[in-house]
């Protein structure tokens, strides 16, 4: 008997080259006609707080601008990757990235989470607290597939 269950994946993106590569690879994994891909971008609430503390605007202004920019960039990423919008759901949320990724994976009941290994966080933060990818791996209850950026793989081969 055939299994007709729709296969759902969550791809977390931070607009880094590595997350774009992970999205591209997820497209290949799913084949020419994926069942459903959720593409999630998380606006880091710590970043919002730093913007407010720096006097860059009110909380409402900063969040509005970040959400508008993120949605625009997600649509551009879809276009750049030649992805069919019919099988894709774009989402922007705010919070602590690794917690939001875990939460959305459970809410959407995805089969797998895909993300890049190198994002946009600063080196010192990563050294002391671990990367978002590392923290997702520590706490998630779903399978995870991580992709390094293509240039990293080329260096390993040499």
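Each reported figure results from applying straightforward, stated rules to the coordinates on display, with no laboratory input. Worth saying up front: this structure is predicted, and the values here are computed from it rather than measured. Glycine also receives a Cβ, built like all others from the backbone with ideal geometry; neighbour counts cover every protein chain displayed.
Given a Förster distance of 25 Å, report the FRET efficiency between residue 45 and residue 5 from their Cβ-Cβ distance, rounded to the nearest 0.05. Write out the running numbers ahead of the final one.
On the way: r = 34 Å, r/R0 = 1.38.
The computed FRET efficiency comes out at 0.15.
For the pair residue 67 and residue 35, label points projected 7 Å from Cα toward Cβ lie 3.1 nm apart. The length gained on full extension between residue 28 and residue 80, counted as 0.36 nm times the residue separation minus their Cα-Cα distance, comes to 17.2 nm. Here the label points at residue 111 and residue 134, each 7 Å from Cα along the C-beta direction, are separated by 3.1 nm in the simple model.
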